[in-house]
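First the structure, in the form of structure tokens, and then the observations on it.
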Amino acid sequence: MTGRHALVRHPLAIAGALVTTVSAVVFIALFVAMLAGLFHNPYAGLVVFVAIPACFAAGLVLIPVGMRIQQRRLARDPTARAEWPILDFGRASVRRTGLMIAALTALNIVILLVAGYGSLHWMESPAFCGQVCHAPMHPQFTAWQQASHGRVACVECHIGEGGAALLHAKLSGVRQLVHVATNSYPRPIPPGAQMPPGAQAQTCVGCHQPGRASGDHIRVIREYADDEQNSETLTVLQMHLGVSSSSKHAIHWHADPAVRVVYVSTDAERQTIPYVRVTDAKGSVKEFRTADATDQTIGGGSRRTMDCVDCHNVVGHPISPTAERAVDRAIAAALVSRDLPYVRREGSRLLKESYSDQDAGVRAIEHGLRRFYESQEGRGDEQALARTVAAFQDLYRRNVFPAMKVTWGAYPDNSGHVTSNGCFRCHDGEHKARDGSTISADCEYCHTQIERPEAR
């Protein structure tokens, strides 16, 4: 038996060749199937781009390991010592063997490159972020699908530009994988987790343009009472957004590239802000502090340059701050029938109840609504009731996740000040500069209320 044949006859080398060959064939077949759209399960990518390439690479490693073990075994028996093979390319058999080895090596490299690219691409997909890590990211994935950014991939916002940001994200992913594997991830997932620093410069402005001239927008807010008629209250606000606003102040002044706002927060959720430093377009600097802020407090806090996500912190995957607000929006959108008496009160009550899991909550909502309306005279429209039950169940599925301890208000919305401190974290009239000026709490800095139409 020739030397090279003796080396590859080791069981480990044979097993490696077998694993590599089978993995290559399976990978090519499944990759073609994925390109043809035959797989829709999010775990398919885990198999095709991670598990099978890992088997392929392991097989490649086993071949030289087995050959090395066989070589050492032969070295201990002088009568069986294998000589180095003579590569005589003048012989047709040597040329064929060399050509086959070169072709298989090239094919192996192509498979590894395709698998590597595919795994990287797949691990950046929303399906991987939200469905493979099903339990931890289920609330965020569900909310993202219904949000205004529902067609923007997770990595477009959660990974900044450049190689350093990619490395940071992948290392964070390894840490998160350990947390998932050891079931040690926080419940709920912290708000704004893994948003890159300087999100305004790196992500938001890729689509949004803070320097673009914009004026006032009209916002209509519909709220409903808990009475039998579900009485409507209409609030119309003229929102002063950009530089061409009718007001001398504008909300998006904070996002002006010529303005720099630095603040210090003393809590992880950035809800307590004792210090603000503003550098305006002319380069003038002014510092504002609350009355109880000390140098020690400010020095021990977290310093951050303000950007888009300091106000728009839940725009990517919003969880409604209150059940009442979610119900009001559903009624305004005609998803919930306002003709059903007390529907706002009963729906809000059932949505706020505690249930053991999401399925139990969905069942209880239907049971509670049907039992209530069965006790009412006339019972109302069955189709309207069925549509309303489905709407409340959908609200619950999109906002409450008992397994992750996510419920109404779990993630404060900083873009307003009705359900959380939001704007009033700074605009409270309590942040004073040395010259006595304050960060104004005047409502008309941001909006003017238009005379309200009569409620029906």
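Taking the condition modelled with pLDDT of 80 or more, exposed (fewer than 11 other Cβ atoms within 10 Å of the Cβ) and in a helix (DSSP H, G or I), does R151 pass?
no
Any residue at all in segment 210-231 that is at pLDDT below 80 and at positive phi?
no
Could you please find all residues in segment 336-351 being over 25 Å from the mean Cα position of the chain (by Cα) and either surrounded by fewer than 14 Cβ atoms within 10 Å (Cβ to Cβ) or in a helix (DSSP H, G or I) (or both)?
Matches in segment 336-351: D339, V343, R344, R345, E346, G347, S348, R349, L350.
In this structure, does G361 turn out to be open to solvent by less than 60 Å² (accessible area, probe 1.4 Å) and under 25 Å from the mean Cα position of the chain (by Cα)?
Considered against the rule, which asks whether it is open to solvent by less than 60 Å² (accessible area, probe 1.4 Å) and under 25 Å from the mean Cα position of the chain (by Cα), G361 comes out as yes.
Name the residues in segment 223-239 that are hydrophobic (A, V, I, L, M, F, W, C) and part of a strand (DSSP E or B), would you?
Result: L234, V236, L237, M239.
Report, by residue number, each residue of segment 398-438 that is in contact with a strand residue (DSSP E or B) (Cβ under 9 Å, 6 or more places away or on another chain) and of a type in the set (K, R).
If the condition is that a residue be in contact with a strand residue (DSSP E or B) (Cβ under 9 Å, 6 or more places away or on another chain) and of a type in the set (K, R), then R425, K432, R434 are the ones that fit.
Answer with yes or no whether R397 is surrounded by fewer than 18 Cβ atoms within 10 Å (Cβ to Cβ) and either over 30 Å from the mean Cα position of the chain (by Cα) or in a strand (DSSP E or B) (or both).
no
Taking segment 268-314, which residues are charged (D, E, K, R), open to solvent by 80 Å² or more (accessible area, probe 1.4 Å) and in a loop (DSSP other than H, G, I, E, B)?
Across segment 268-314, the qualifying residues are E269, R270, K282, D292.
Have a look at I63, I86, I52 and point out the one that is modelled with pLDDT of 75 or more and either open to solvent by 60 Å² or more (accessible area, probe 1.4 Å) or closer than 30 Å to S125 by Cα (or both).
Within the list I63, I86, I52, the selection yields I52.
Show the residue pairs meeting these rules: Cβ distance below 8 Å; 6+ apart or different chains; first residue within segment 418-440 and within 15 Å of T272 (Cβ to Cβ) and open to solvent by less than 80 Å² (accessible area, probe 1.4 Å); second residue assigned to a loop (DSSP other than H, G, I, E, B) and basic (K, R).
If the second residue must be assigned to a loop (DSSP other than H, G, I, E, B) and basic (K, R), the pairs left are R425/R270.
For segment 365-378, check the following and say yes or no: at least one residue is touching a Pro at 6+ places or on another chain (Cβ under 7 Å) and either over 22 Å from D227 (Cα atoms) or acidic (D, E) (or both).
Checked against the condition, which is being touching a Pro at 6+ places or on another chain (Cβ under 7 Å) and either over 22 Å from D227 (Cα atoms) or acidic (D, E) (or both), segment 365-378 yields no hits at all.
Determine whether T322 is open to solvent by less than 60 Å² (accessible area, probe 1.4 Å) and either over 30 Å from D256 (Cα atoms) or in contact with a strand residue (DSSP E or B) (Cβ under 7 Å, 6 or more places away or on another chain) (or both).
yes
Among the residues that make up segment 116-135, is at least one of them at pLDDT 80 or above, among the small types (G, A, S) and not in a helix (DSSP H, G or I)?
No; the residues of segment 116-135 include none that is at pLDDT 80 or above, among the small types (G, A, S) and not in a helix (DSSP H, G or I).
Among the residues of segment 173-189, is any within 14 Å of V314 (Cα to Cα), in a loop (DSSP other than H, G, I, E, B) and at pLDDT 70 or above?
Looking for residues that are within 14 Å of V314 (Cα to Cα), in a loop (DSSP other than H, G, I, E, B) and at pLDDT 70 or above, one finds at least one in segment 173-189, hence yes.
Residues D307, D328: which one is touching a strand residue (DSSP E or B) at 6+ places or on another chain (Cβ under 7 Å) and either under 28 Å from E269 (Cβ atoms) or modelled with pLDDT under 95 (or both)?
Criteria check complete, one pass: D328.
The values are calculated or read from the model by the stated rules, or taken from the named source; none is laboratory data. It should be emphasised that the depicted structure is a prediction, and the values quoted were computed from it without experimental measurement. Here the Cβ is made from the backbone with ideal geometry for all residues, glycine too, and neighbour counts use every protein chain on show. Heavy atoms of the whole protein, side chains included, go into the accessibility calculation; ligands, DNA and RNA do not. Shrake-Rupley method; radii C 1.70, N 1.55, O 1.52, S 1.80 Å.
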